[in-house]
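Only one structure is covered here, and it is reproduced in the block below.
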Amino acid sequence: QVQLVESGGGLVQPGGSLRLSCAASGSILNIYAMAWYRQAPGKQRELVASITNIGTTNYADSVKDRFIISGDNAKKEVYLQMNSLKPEDTAVYYCYLEALTVVSGSRRRWAYWGQGTQVTVSS
């Protein structure tokens, strides 16, 4: 059983900063990639940023130059430093993991989601 636990969400004023953290636990043999997605009310879930096991990063255009994703494979953790936050960044942020895991005694490449953490940007 693989679990992802996010932390660090909250209420922040426009222009402020927040740092999200996600810790993975369970039968993880190898991490391929971790990412942050977000979903605003009435909108589809969208990719915010991703990082591979060799450190290659990718960002949505809307967060480039404001957000920074980083990871620690040894700790099985991923972080999202969010700066210059805007009201349109308000959403539930979800941690995503793609990994080689043990499922019912077999090795499988699988994707997992966290429960989400609310980020609200408002004055």
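The values are calculated or read from the model by the stated rules, or taken from the named source; none is laboratory data. Quantities reported herein were computed from a predicted structural model and do not represent experimental measurements. Reconstructed Cβ throughout: ideal geometry from the backbone, glycine too, with neighbour counts over all protein chains shown. Side chains included, ligands, DNA and RNA excluded: accessible areas come from the protein's heavy atoms. Shrake-Rupley method; radii C 1.70, N 1.55, O 1.52, S 1.80 Å.
Of the numbered conditions (1) of a type in the set (S, T, N, Q); (2) open to solvent by less than 70 Å² (accessible area, probe 1.4 Å); (3) out of contact with any Gly (no Cβ under 7 Å at 6 or more places or on another chain), Thr117 fails exactly one; give the number of that condition.
Condition not satisfied by Thr117: (3).
Whether any residue in region 31-40 is of a type outside the set (Val, Ile, Thr), open to solvent by 60 Å² or more (accessible area, probe 1.4 Å) and farther than 16 Å from Trp113 by Cα is what I want to check.
No: zero hits.
Restricting region 104-123 to residues that are touching a helix residue (DSSP H, G or I) at 6+ places or on another chain (Cβ under 7 Å) and not polar (S, T, N, Q), which is farthest from Gly10 (Cα to Cα)?
Val121
Looking only at residues that are assigned to a loop (DSSP other than H, G, I, E, B) and loosely packed, with under 14 Cβ neighbours inside 10 Å in region 1-13, which one is modelled with the lowest pLDDT? Explain how you work it out, then say what you get.
Taking region 1-13 and keeping what is assigned to a loop (DSSP other than H, G, I, E, B), we get 1-2, 8-9, 13.
Imposing the further condition that a residue be loosely packed, with under 14 Cβ neighbours inside 10 Å reduces the set to 1, 13.
On the way: Gln1: 85, Gln13: 98.
Restricting to residues being assigned to a loop (DSSP other than H, G, I, E, B) and loosely packed, with under 14 Cβ neighbours inside 10 Å, the top hit is Gln1.
So which residues in region 86-114 are in a loop (DSSP other than H, G, I, E, B) and either of a type in the set (Phe, Trp, Tyr) or more than 11 Å from the chain's Cα centre (by Cα) (or both), if there are any at all?
Residues satisfying the conditions are Lys86, Thr90, Ser104, Gly105.
Out of everything in region 58-102 that is surrounded by 15 or more Cβ atoms within 10 Å (Cβ to Cβ) and basic (Lys, Arg), what residue ends up being nearest to Val2 (Cα to Cα)?
Only one residue fits best here, namely Lys76.
Return a yes/no flag: does region 51-65 have any residue that is free of Cβ contacts under 8 Å to residues at least 40 places away in the same chain, closer than 16 Å to Tyr112 by Cα and not hydroxyl-bearing (Ser, Thr, Tyr). Talk me through it step by step, then tell me what you get.
Filtering region 51-65 for residues free of Cβ contacts under 8 Å to residues at least 40 places away in the same chain gives 51-65.
The next check asks that each one be closer than 16 Å to Tyr112 by Cα; those that pass are 51-53.
So of that shortlist, the ones also not hydroxyl-bearing (Ser, Thr, Tyr) come out as 51, 53.
Among the residues of region 51-65, at least one is free of Cβ contacts under 8 Å to residues at least 40 places away in the same chain, closer than 16 Å to Tyr112 by Cα and not hydroxyl-bearing (Ser, Thr, Tyr), which makes the answer yes.
Pull out all pairs, ordered by first then second residue, where Cβ-Cβ is under 6 Å, the residues are six or more apart or on different chains, the first lies in region 89-117 and is farther than 26 Å from Ile54 by Cβ, and the second is charged (D, E, K, R) and surrounded by 15 or more Cβ atoms within 10 Å (Cβ to Cβ).
Matching pairs, first to second residue: Ala91/Arg38; Thr117/Glu6.
Would you call Gly55 surrounded by fewer than 20 Cβ atoms within 10 Å (Cβ to Cβ) and under 15 Å from the mean Cα position of the chain (by Cα)?
In short, yes.
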